[in-house]
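Let me begin by presenting the structure, written as structure tokens, before commenting on it.
The values are calculated or read from the model by the stated rules, or taken from the named source; none is laboratory data. Everything quoted here is computed from the prediction, not taken from an experiment. For neighbour counting, all protein chains shown are included, and Cβ atoms are generated from backbone atoms with ideal geometry for every residue, glycine included.
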Amino acid sequence: MFQAPFSISIFKRAIDHNLVKVHIHNIRDYTHDKHHTVDDYAYGGGAGMVLKPEPIFEAVASIKSNIDLKEGSGTLPIILLTPQGRPFSQKIALELSKYSHLVLICGHYEGVDERVRQHLATNEISIGDYVLSGGELAAMVVVDAVVRLLPGVLGSEASALDDSHTSGLLEYPQYTRPEVYRGWAVPEVLLSGNHAQIAKWRRKQAILRTLECRPELLDKANLSPEDRKLIDGMKEGEDSGISTGH
Ligand code: 4G0
């Protein structure tokens, strides 16, 4: 399941260039019984199985023993992916990108024994308000978001710090050739070569999109007094003359 995402595109390059290493561990390998039991019925009853604590604690202990944290870089985040965790964000991705090592624990079934959360995990993260059949996809989402922030992983042309969710606004619309597709023309200003006008148009579009799709982001965004004036005008329902198209 982890193979495909990590063997294509930026991951393959990052791994091949030794910018990152990803190790997959199966908790079944840390069981001692003949059936390699990793789950059991829930105390108190109820449908579904619960992941047992022992294989998870033993897997993490073994992984830890193989990590040598450089002096000073201190702590090792042990992250449990569950729907009950803190909502994942670009800010958390940036924080996680500063650590030399991360351990991610993928929950499964109806859940994980609470002692894993209380006494093993240092962080509990959710990638969104929905339930997946396992934490693996959630872990891959976190790893993807973190790895693209590591120095040298993205091409120099695309700065990870330059994109949406760092500025706090949604991104402005992008166009490439052809200039007219099925009668839909690229906005004139983008062909003008007037860089000041283009920057102004893009800023306005970013604000407009954010206002329409994610208004709550505007409260936290870093906005100039000029941006604020623009927004106040849009909120009053005045015709901005620009449509986001959705
Ligand atoms: C632990 C993460 C793990 C508990 C994991 C489910 C969604 C996410 C799992 C459960 C996951 C997310 C209590 C259902 C595995 N689903 N949103 N599934 N419970 O990050």
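Mind checking which helices (runs of 4 or more DSSP H) fall wholly inside the range 191-241 and carry at least 2 residues that are closer than 30 Å to Arg177 by Cβ?
Output list reads 195-213.
Looking only at the range 105-120, filter to residues that are within 11 Å of the ligand (Cβ to nearest atom) and at pLDDT 95 or above; which one of those is surrounded by the fewest Cβ atoms within 10 Å (Cβ to Cβ)?
Step by step, filter the range 105-120, then rank; the result is Glu114.
Among (1) within 14 Å of the ligand (Cβ to nearest atom); (2) more than 23 Å from Leu170 (Cβ to Cβ); (3) among the hydrophobic types (A, V, I, L, M, F, W, C), which single condition is Leu76 missing?
The failed condition is (1).
When residues of the range 89-103 are filtered for being surrounded by 14 or more Cβ atoms within 10 Å (Cβ to Cβ) and of a type in the set (Ser, Thr, Tyr), how many remain?
Adding up the residues that qualify gives 2.
Enumerate the pairs (first residue in the range 192-221 and within 14 Å of Met234 (Cβ to Cβ) and in contact (Cβ under 8 Å) with a residue 24 or more places away in the chain; second residue anywhere and of a type in the set (S, T, N, Q) and in a loop (DSSP other than H, G, I, E, B)) with beta-carbon separation below 6 Å, excluding pairs fewer than 6 apart on the same chain, so at least 6 apart or on different chains.
Close Cβ pairs satisfying both conditions: Leu208/Thr244; Arg209/Thr244; Glu212/Thr244.
Could you list, in sequence order, the residues of the range 125-147 that are surrounded by fewer than 18 Cβ atoms within 10 Å (Cβ to Cβ) and more than 9 Å from the ligand (Cβ to nearest atom)?
Asp144
Can you tell me which condition Gly45 does not meet? The list is (1) assigned to a strand (DSSP E or B); (2) without any contact (Cβ under 8 Å) to a residue 12 or more places away in the chain, and all the others hold.
(1)
Which of the numbered conditions does Ala206 fail, given that it passes all the others? Conditions: (1) over 30 Å from Pro83 (Cβ atoms); (2) surrounded by 14 or more Cβ atoms within 10 Å (Cβ to Cβ); (3) under 19 Å from the mean Cα position of the chain (by Cα).
Going through (1) over 30 Å from Pro83 (Cβ atoms); (2) surrounded by 14 or more Cβ atoms within 10 Å (Cβ to Cβ); (3) under 19 Å from the mean Cα position of the chain (by Cα) one by one, Ala206 breaks only (3).
Return the residue satisfying two criteria in turn: it lies in the range 79-89 and is farther than 19 Å from Glu114 by Cβ and out of contact with any helix residue (DSSP H, G or I) (no Cβ under 7 Å at 6 or more places or on another chain), and of such residues it is farthest from the ligand (Cβ to nearest atom).
Ser89
So how many residues does the range 48-70 have that are within 16 Å of the ligand (Cβ to nearest atom) and of a type in the set (Lys, Arg)?
Number satisfying all stated conditions: 1.
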